[in-house]
Amino acid sequence: LFSAVEMAPRDPILGLTEAFNADTRPTKVNLGVGVYYNEEGRIPLLRAVEEAEKARIAAHAPRGYLPIEGIGAYDQAVQKLLFGNDSALLADGRVVTAQALGGTGALKVGADFLKRLLPDALVAISDPSWENHRALFESAGFRVQSYRYYDAASHGLNRAGMLEDIKALPARSIVLLHACCHNPTGVDLSGDDWKQVLEAIREGGHVPFLDIAYQGFGDGIEEDAAAVRLFAESGLQFFVSSSFSKSFSLYGERVGALSIVTASKDEAARVLSQVKRVIRTNYSNPPTHGASVVASVLNSPELRALWEAELAEMRGRIQSMRQAMVEQLAAQGAKRDFAFVAQQRGMFSYSGLSAEQVERLRSEFGIYAVATGRICVAALNQRNLSSVTQAIAQVL
Ligand code: PLP
Ligand code: TYF
């Protein structure tokens, strides 16, 4: 049965963590995977999460099956975070939200549902994009192509190329967009860019699919939802996959959601019934712990204030690491201007390092980055910053 099974390629990012774990050098640094580490180099357990977990354990909550679409209070809290407390769409009952297994699970449920609706559609993703986007939509049966996004020369957005490519897509394509904190580049669209992209999508009759995995890591919780709010006001129907892996530091609990904006309350009911069918035939219903913790935090004024402060601290620490990295690289005499690092948003920076330079960082210094040059700025801290910047200056 298995004699002809070939070895599948390793995930380029998660595979790096395996290699990192096997490295015995005490000075090693993992800038590969997109995970937030605190100043002590550890994945934090947020205090808001700890409080909610204590209360949950004390309550001896039973673990029955959840509804197929997950915890109601969780789904509603997700909607408010994405669309705003006084969203007209929410008031009209036009948004369907289902708890999902992280942002990845939300993308997968959305992709499977879309395959039933638009079986021949082309899916367009940014060049570059998160590695899993292409694989996930291809495995749902779609053809996937990319639209120009990153401009290596300016370390910024190729706005004209992006618009041109979206306008050239066949009508009714599915356009996947990173709502904020673009992975892997750290390059986001301005408010004006978003308006132009939205109009290009409207003209083509395309279906927007916004992926928001880092809400709160750019400029703030509300600010980072600006693209979602813009699409919400546009009258278009669209998909949103969201994740609390990063913003609640709950990576392993798999807490995310799929939201779909429909044209009416009646449409919403029918769409939800189909989304539930996709979920039922995949994993029946979602797990309880992570989503109940997130719902308790978001729905308690005290815990929510604590979470917002903790998220602001994570965001602020990343921004100060960006600044410090730029300064230290200049101080180390790096032969390049890295000022762009401080302009980028979220956890990542496309550093401009070549695959060869990344390889030297690993072999000579035990510093792990993605071969594309993507580094996770959230893994830097005051202790490893000078060794990392020194090594970068050396391999340049
Ligand atoms: N989408 C993007 C752009 C991401 O970077 C990630 C990262 O993990 C995800 C989705 C998946 O999120 P999750 O870990 O919650 O599945
Ligand atoms: O891009 C990252 O590093 C995160 C984590 O298959 C991740 O999004 C990476 C690869 C993957 C799943 C999650």
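Under a Cβ-Cβ cut-off of 13 Å, what is the net charge of the residues other than residue 182 that fall near it, where Lys and Arg count +1 and Asp and Glu count -1?
Summing Lys/Arg as +1 and Asp/Glu as -1 gives -4.
Ranked by the mean number of other Cβ atoms within 10 Å of their residues, highest first, the peptides 73-84, 329-340 come out as 73-84, 329-340. With the highest mean first, a sort of the peptides 20-31, 85-96, 176-187, 216-227 on other beta-carbon atoms found within 10 angstrom per residue produces 176-187, 216-227, 85-96, 20-31.
Roughly how many whole Å is it from the C-alpha centroid of the range 24-43 to that of the range 203-267? Going from one Cα centre to the other spans 28 Å. Partner lysines whose Cα lies under 22 Å from the Cα of residue 108, excluding those fewer than 8 positions away in the same chain, are identified as 246, 276. Neighbours of residue 109, meaning other residues whose beta-carbon lies under 15 angstrom from its beta-carbon, give a summed charge of +3 when Lys and Arg score +1 and Asp and Glu score -1. Relative to the longest principal axis of the Cα atoms of the chain, helix 47-58 runs at roughly 50 degrees. For the chain, the mean residue ellipticity at 222 nm estimated from helices alone is -14000 deg cm²/dmol, where every DSSP H run of n ≥ 4 contributes -39500 (n - 2.57) and the total is divided by all residues, rounded to the nearest 500.
Computed from the coordinates by the stated procedures, all read-outs in this text should not be read as laboratory data. Everything quoted here is computed from the prediction, not taken from an experiment. Cβ atoms come from the backbone with ideal geometry, glycine included; neighbour counts cover every protein chain shown.
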